[in-house]
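Reading through the structure tokens given below for one structure.
Read the figures in this text as sums done on the coordinates, not as results from a lab. Small disclaimer: the values here were computed from a predicted structure and weren't measured. FYI the Cβ positions are ideal-geometry reconstructions off the backbone, even for glycines, and counts take in every protein chain you see.
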Amino acid sequence: MIDCELPTEGRNPRTLDVDTLPTLDVLRLINTEDATVPMVVAAVLPQIAELVDLAVAALRAGGRVHYFGAGTSGRLAVIDAAELPPTFGIWGRVVAHHAGGPGALSQAVSDVEDDDDLGGRDAGDVHEGDVAIGIAASGRTPYVVGALRAAAAAGAHTALISCNPQTPYGEEVEVHIALATGPEVISGSTRMKAGTATKLVLNSFSTTLMIRLGRTYSNLMVSVNALNSKLRTRLVRILTEATGMDPVTCENALAEAGGNTRVALVSLLGEVPAARATLLLEEADGGVREALQLLRSA
């Protein structure tokens with residue numbers, strides 16, 4: 001039975017005749033609904049910023065960020081966490097827990113999302129000072145609620161990303177990112193607007209988190225190291241764009257830095273040896289701009 005108390009489960013009055021329309025009109029209708037999502041995300045930017053600041057502090061203190069979700073929400077969380085290491089060179093610090101484990105990623109596993117005890121057990125890896133983020137379109141998935149309650153009991157910060165602004169569980173967490181996406185084109189198909197809004201929030205959250213941690217320089221990916229020839233070519237191009245220097249100079253600096261892009265960048269911009277650049281970055285918690293500022297103020 002459809003739960004009409006949930007905003008995402010109600011019938012959308014704008015799509016009642018969707019099954020009678022020509023193909024192009026169906027697509028236009030879906031596109032019109034999708035176009036409302038960015039505005040919904042814009043309304044919760046202050047809450048996303050609050051969560052980013054919590055996560056920055058946690059990671060700088062040696063903690064981790066944990067995602068918990070089931071179904072579409074869990075799969076989106078897994079994708080976001082999986083893409084951070086190759087993009088930003090950060091490994092094992094943002095982790096995703098999906099109800100049912102790897103087997104539930106490619107196909108639905110019955111009943112796991114209703115198991116709050118399973119959520120609690122999966123949160124056994126959460127420690128004091130970590131940040132636990134539950135992701136649930138309904139805002140009340142038992143697996144997610146169980147995980148967040150266990151994380152809070154362990155002393156972690158907690159947050160909920162939901163598409164149900166009225167969920168009572170929003171009061172249990174420190175930050176509730178409540179996305180008012182409303183009813184879907186097809187009632188209850190939360191892989192649509194709810195999923196799109198969730199993906200936008202996760203993209204914004206994790207990318208801003210990486211920027212704040214100094215994993216970028218300007219809008220360039222400088223935390224990826226030269227592990228193979230293809231990456232080395234890409235990173236030389238990044239270094240030339242960041243410094244304005246010629247490719248040969250940048251390639252030599254990258255080699256002297258042992259393939260570490262940030263070390264090479266600080267070495268080039270600060271005109272210091274790679275060893276000195278490494279020490280500056282360590283003192284600056286890995287931030288290129290902060291390392292250069294330390295050099296200028298020395």
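A few points about this structure:
- Spatially, segment 68-128 and segment 155-228 are offset by 14 Å when compared through their Cα centroids.
- Total formal charge among the other residues, if their Cβ is under 13 angstrom from that of Ala284, Lys/Arg +1 and Asp/Glu -1: +2
- Over all other residues within a Cβ to Cβ distance under 14 Å of Val109, the charged ones net out to -4, with Lys and Arg as +1 and Asp and Glu as -1.
- Based on alpha-carbon atoms, the Kirkwood radius and the radius of gyration of segment 216-297 give Rg/Rh equal to 0.93.
- Antiparallel DSSP beta bridges within the chain, as percent of all bridges there, nearest 5: 10 percent
- Whole-percent P(r), segment 51-190, all Cα pairs, 10 Å bins from 0: 13, 44, 35, 8, 0.
- Max mean-square fluctuation residue, GNM over the chain, Cα-Cα springs under 10 Å, options Asp111, Asp80, Asp122: Asp111
- Tilt relative to the chain, helix 23-34 - C-alpha long axis, 0 to 90 degrees, to 10: 70 degrees
- Taking GluC sites (Glu not before Pro) across segment 69-159, the ones in a DSSP loop with at most 12 further Cβ atoms lying within 10 angstrom of their Cβ are Glu128.
- Cα-based helix-to-principal-axis angle, 142-153 vs the chain, degrees rounded to 10: 50 degrees
- Seen against the Cα atoms of the chain and their longest principal axis, helix 274-283 is set at about 40 degrees.
- Positive-end residue, segment 216-297 charge dipole about Cα centroid, Cβ charges, pick of Gly286, Ala264, Leu220: Leu220
- Two numbers describe the Cα atoms of the chain: Rg and Dmax, which are 22.1, 71 Å.
- GNM top mover of Met192, Met245, Met221 - the chain, alpha-carbon springs below 10 Å: Met245
- Net charge, Tyr143 excluded, C-beta distance under 13 Å - Lys, Arg +1, Asp, Glu -1: -4
- In a reduced charge model with +1 at each Lys and Arg Cβ and -1 at each Asp and Glu Cβ, the chain shows a dipole moment near 1080 debye about its Cα centre.
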